[in-house]
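This report concerns only the one structure given below.
The values are calculated or read from the model by the stated rules, or taken from the named source; none is laboratory data. Because the structure is predicted, anything quoted here is derived from the model rather than measured. All Cβ positions, even for glycine, are placed from backbone atoms using ideal geometry, and neighbour counts span all protein chains on display. When the accessible area is computed, the model is the full protein with side chains, heavy atoms only, and any ligands, DNA or RNA have been set aside. Shrake-Rupley method; radii C 1.70, N 1.55, O 1.52, S 1.80 Å.
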Amino acid sequence: MTAVLRSDEFGLAPRTWLIWSLAAMTVALSTANPVYRGLVALAALDVLLTWLPPERRLKSLALALLFAAGFAALVNVLASHAGVHVLARLPVDWPVVGGNFTAETLAYGGAVGLGLVAALLAVAPLSLVLEPHDVVDAVPGPLDRTGIALATSLNLVSGFGRTFNAVRDAQRMRGWRPRGIRSWNEVLVPVVLTSIEDSVLLAEAMEARGFGGGRRTSYAAPGWSRWDVAVVAVTLAAAALFVSLRVAGAAIDWYPYPALSVPPLNPILVASCLALALPALARSRAAGDGR
Amino acid sequence: MPGLGRRIAVAATLAVGLAVAASVVPAPGSPLVASCAGAGPNHAALVVEHGSGSVVTRCVAFDAASVTGEQLLDSSGVAWSGQTFGGFGEAVCAMDEEPAQYVSCPGKDGYWAVFVATGGGEWQLSPVGISSLKLGDGDAEGFRYVPVSGDTAPPQPAAGVCGGAAASSPARAGAAAPTASTPQSPAQSGGIDAAMLAAALAAVVLAGLAVVRLSAARRRAP
């Protein structure tokens with residue numbers, strides 16, 4: 001007999017997290033309006049900070065967000081030359097980067113970067129708050145195998161980083177020092193070989209534990225609380241609102257060309273973005289009740 | 001942190017309430033538009049100002065409560081061609097034979113800037129394409145062919161196009177062209193200030209919560 005864990009004792013159910021992440025990502029990517037994207041990013045950051053386990057750190061995520069936003073803005077400024085407010089100018093005969101650098105391209109690149117930040121923050125709880133087996137539990141039954149493959153892939157990413165650091169440190173202890181791009185072969189080749197070996201070992205371990213022999217079972221199945229229901233309902237409604245307005249052709253985007261302008265705002269959509277922060281309130285409520 | 005959830009809930013509720021309230025702020029009342037050419041109970045003005053300074057005006061009548069800027073342009077009889085830009089919508093590339101030919105849109109020398117005047121107000125630079133632009137009774141849609149660099153000046157006022165009391169814009173002082181006022185969303189005119197306020201309030205609440213969480217995490221850290 002399977003025990004049922006109530007999610008208000010142990011946090012939100014894994015499936016609630018998955019739905020919230022998908023809904024928040026849908027909202028962030030369904031509009032090019034930087035105000036909505038910024039609100040989604042802030043809401044997702046609040047949720048992440050609220051539920052982040054004490055042993056987890058955000059440094060690598062913060063670096064990834066900074067890189068993604070900065071890269072998007074930089075590429076747009078360098079490659080696009082539209083807009084009327086010229087900030088700087090390069091000779092037009094320079095390939096790709098030649099032409100005007102405008103405030104409009106900077107603003108649009110920033111909006112693109114903000115969308116990436118919002119989307120990354122929306123999926124961050126799946127790796128920083130949930131355990132890999134929680135991600136598997138969150139996937140519907142027919143997609144059980146896909147969930148396992150997804151969780152395994154996520155695990156391999158961090159494993160690749162750990163292997164890289166270990167091999168680099170070992171090579172340094174042997175006297176290796178980085179001297180140009182070609183010298184990194186001495187690190188990257190062992191890292192790739194070790195990763196392949198780890199993958200084979202993981203596959204053998206999964207086979208030994210019965211992978212492919214039927215549905216995955218668990219001792220305790222996560223239950224649903226009223227907070228799970230509220231979070232799922234509210235976030236799905238917010239995503240549906242954005243998607244339906246997008247399909248209906250409503251003006252939910254922002255486009256700074258040819259001249260910068262204030263993004264159009266709809267108060268209902270602002271409230272929808274704000275509603276994505278509901279999981280943060282769920283945790284505060286639980287803490288206030290002494291749980 | 002005892003009570004934090006309640007405070008956040010109150011702040012969030014206020015923000016949501018403000019946002020919802022802003023959505024029902026009525027738009028400024030449409031002015032009375034006297035005898036306008038065409039048939040239909042609603043009327044909107046069209047002003048097209050060429051780079052040479054020549055102006056073409058039309059008054060368009062329609063039955064629906066609102067029309068898009070593209071529909072208004074189509075109904076006006078002014079020849080135009082455009083191009084769709086993703087979420088921005090339809091942009092005007094050439095109108096009334098200006099430019100006579102083009103190879104890129106917007107052009108390298110000039111482009112058609114789109115303006116809207118809601119309920120007899122001033123011209124505002126449109127942040128969306130004409131296919132996404134909504135116009136109601138008493139509104140006006142304006143175009144001006146402007147150079148790619150420099151200020152985006154609005155076209156001549158739309159007052160009188162639909163029989164007298166239509167949209168107006170600041171009077172031109174001498175030969176100097178007026179600059180466009182702070183652009184706003186025409187579709188949200190009347191509610192945008194409250195919407196922006198709600199968005200700012202929401203951002204402050206969310207950022208405040210993030211700071212509180214970060215501080216708490218830092219205190220817990222060994």
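Mind listing just one residue for me: the one in region B:87-102 that is part of a strand (DSSP E or B) and open to solvent by 20 Å² or more (accessible area, probe 1.4 Å) and, of those, farthest from B:Thr152 (Cα to Cα)? So that I can check it myself, show each step before the final result.
Residues of region B:87-102 part of a strand (DSSP E or B): B:89-95, B:98.
Okay, now just the ones that are also open to solvent by 20 Å² or more (accessible area, probe 1.4 Å), so B:90, B:98.
Details: B:Glu90: 19, B:Glu98: 17 Å.
Selected residue: B:Glu90.
All but one of (1) facing chain A (nearest Cβ under 10 Å); (2) assigned to a strand (DSSP E or B); (3) open to solvent by 40 Å² or more (accessible area, probe 1.4 Å) hold for B:Thr84, so report the exception by its number.
(1)
Name every residue in region A:253-272 that is outside any loop (DSSP other than H, G, I, E, B), open to solvent by less than 20 Å² (accessible area, probe 1.4 Å) and either within 7 Å of chain B (Cβ to nearest Cβ) or among the small types (Gly, Ala, Ser) (or both), in order of residue number.
Scanning region A:253-272 gives A:Pro267, A:Val270, A:Ala271, A:Ser272.
Based on what the data block shows, is A:Ala62 more than 14 Å from chain B (Cβ to nearest Cβ) and either over 26 Å from the mean Cα position of the chain (by Cα) or modelled with pLDDT of 90 or more (or both)?
Working: more than 14 Å from chain B (Cβ to nearest Cβ): no; either over 26 Å from the mean Cα position of the chain (by Cα) or modelled with pLDDT of 90 or more (or both): yes.
So A:Ala62 does not fit the description; no.
Among residues belonging to region B:103-129 that are part of a loop (DSSP other than H, G, I, E, B) and more than 11 Å from chain A (Cβ to nearest Cβ), point out the one that is most open to solvent (accessible area, probe 1.4 Å).
Looking at residues that are part of a loop (DSSP other than H, G, I, E, B) and more than 11 Å from chain A (Cβ to nearest Cβ), I get B:Val103.
Residues checked against (1) touching a Leu at 6+ places or on another chain (Cβ under 6 Å); (2) closer than 30 Å to A:Leu193 by Cα:
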position: A:Ala79; (1), (2): no, no
position: A:Leu87; (1), (2): no, no
position: A:Ala138; (1), (2): yes, no
position: A:Pro142; (1), (2): no, no
position: A:Thr152; (1), (2): no, yes
position: A:Asn155; (1), (2): no, yes
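Look through region B:53-68, keep the residues that are open to solvent by less than 40 Å² (accessible area, probe 1.4 Å) and assigned to a strand (DSSP E or B), and return whichever of them is nearest to B:Val114 (Cα to Cα).
Looking at residues that are open to solvent by less than 40 Å² (accessible area, probe 1.4 Å) and assigned to a strand (DSSP E or B), I get B:Thr68.
With the checklist (1) surrounded by fewer than 23 Cβ atoms within 10 Å (Cβ to Cβ); (2) out of contact with any Gly (no Cβ under 7 Å at 6 or more places or on another chain); (3) outside any helix (DSSP H, G or I) in hand, flag the one item B:Gln71 doesn't pass.
(3) is the only condition that B:Gln71 fails.
Scan region A:31-46 for residues that are facing another protein chain (nearest Cβ under 8 Å) and closer than 17 Å to A:Val112 by Cβ and jot them down. Give the derivation first.
From region A:31-46, those facing another protein chain (nearest Cβ under 8 Å) are A:31-32, A:35, A:38-39, A:42-43, A:45-46; that's our starting set.
Selection gives A:Thr31, A:Ala32, A:Val35, A:Gly38, A:Leu39.
Regarding B:Gly17, is this residue crowded, with 16+ Cβ neighbours inside 10 Å, modelled with pLDDT under 75 and within 14 Å of chain A (Cβ to nearest Cβ)?
No, not satisfied.
I need the full set of residues from region B:130-152 which are of a type in the set (Gly, Ala, Ser) and more than 11 Å from chain A (Cβ to nearest Cβ), in order please.
B:Gly136, B:Gly138, B:Ala140, B:Gly142
Which pairs have Cβ atoms under 8 Å, sit 6 or more apart or on different chains, and link a residue in region A:224-249 that is assigned to a helix (DSSP H, G or I) to one that is open to solvent by 60 Å² or more (accessible area, probe 1.4 Å) and of a type outside the set (D, E, K, R)?
A:Ala239/A:Leu22; A:Leu241/A:Ile268
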